[in-house]
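First up is the structure itself, then whatever we jot down about it.
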Amino acid sequence: MEHIIEEAAVAAFTQELFERERAKETIDRYQHQLLTFIYWAAGKTVTKEMTVRYKQWLIERYSPTSVNVALAALNNFFKFMGWQECQVRPVRVQRRHYAEPCRELTRQEYYRLLNAARQKGDLRLFYLLETICSTGIRVSELCFITVKAVRRGRADICNKGKFRTILLPRRLCEKLLRYCSGRRITEGSIFVTRSGKPINRSNIWAMMKALCKRAQVSARKVFPHNLRHLFARCFYQCQQDLEHLASLLGHSSINTTRIYTRTSGEEHLRQIERLHLIL
């Protein structure tokens, strides 16, 4: 039986992901990866040989992590279609125990981004950056930072089918309440567009990238999730409590949290050099 990917099959797979309550970001990512594969396949019959060649094509162009994201989307689709014989293995990657300096946002760089936002007169972006970095929330969870939450000093968050409550720093609450008063925001989400809708991920991404030149921070380091990583590293350096940090970040597995607390490559090198094993 020939395996041809049709639009109706992709739509049915997308609906199945939705009914399984997968995150919107995951659904969007899987759709994008499937469309990329369909374009690459150019209407040809899907076979194991084809997916192996596609895997090699990905490896030659993207990082191992990106390759595995693409393969996960394909493998899940093939499982849904009953085409298990077309599935391929993910790329095996030995996990690094240190973060890449070229991707790691430092505290000083974060301060420069804040100053750049303030100099531009963009208070919404300034407080948005402070909110993510001082609480460790995901960018998709910003909608739960409401006027009511700020007045109470805590936000109830529902993400990926899980509920958790995060405490908001008093100083942050004071600043956000002043911001709301000045913008006449009396209820609902604080970070909204001019039309009153919660600001979305792509808008936040673009606004942050626009700060890079003024802040003199590499664009490779400037994206919302890196603020969450900075929060995690700072918290862990202060508290050394991985289990508590996992709870704050909303992680189901503590192994995921460990990724967030990796030291920089430079710090890793200093630790090795302290061994004094070279004459």
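The values are calculated or read from the model by the stated rules, or taken from the named source; none is laboratory data. Predicted model, so just to flag it, every value in this text is computed and none were measured. For neighbour counting, all protein chains shown are included, and Cβ atoms are generated from backbone atoms with ideal geometry for every residue, glycine included.
Key figures
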read-out	value
Residue within segment 177-192 that is in a helix (DSSP H, G or I), under 17 Å from the mean Cα position of the chain (by Cα) and surrounded by 15 or more Cβ atoms within 10 Å (Cβ to Cβ) present	no
Matching residues, segment 204-217, being loosely packed, with under 13 Cβ neighbours inside 10 Å, not in a loop (DSSP other than H, G, I, E, B) and not aliphatic (A, V, I, L, M)	Lys209, Lys213
Unique residue being over 30 Å from Asn200 (Cβ atoms) and in contact with a helix residue (DSSP H, G or I) (Cβ under 7 Å, 6 or more places away or on another chain) when the list is Val91, Val52	Val91
Flag for Ser140 being at pLDDT below 90 and among the hydroxyl-bearing types (Ser, Thr, Tyr)	yes
Candidates Arg194, Arg178 - the one that is at pLDDT below 90 and more than 22 Å from Asp28 (Cα to Cα)	Arg194
Pair list, Cβ < 9 Å and 6+ apart or interchain, from segment 239-259 residues that are on the phi > 0 side of the Ramachandran plot to residues that are not basic (Lys, Arg)	Gly250/Gly136; Gly250/Ile137; Gly250/Glu141; Gly250/Ile157; Gly250/Asn159; Gly250/Ile166
Unique residue being loosely packed, with under 13 Cβ neighbours inside 10 Å and under 24 Å from the mean Cα position of the chain (by Cα) when the list is Gln84, Gln56, Gln108	Gln108
Residue in segment 130-144 that is assigned to a helix (DSSP H, G or I) and more than 22 Å from the chain's Cα centre (by Cα) present	no
Count - residues of segment 37-49 that are under 13 Å from Ile5 (Cα atoms) and outside any loop (DSSP other than H, G, I, E, B)	5
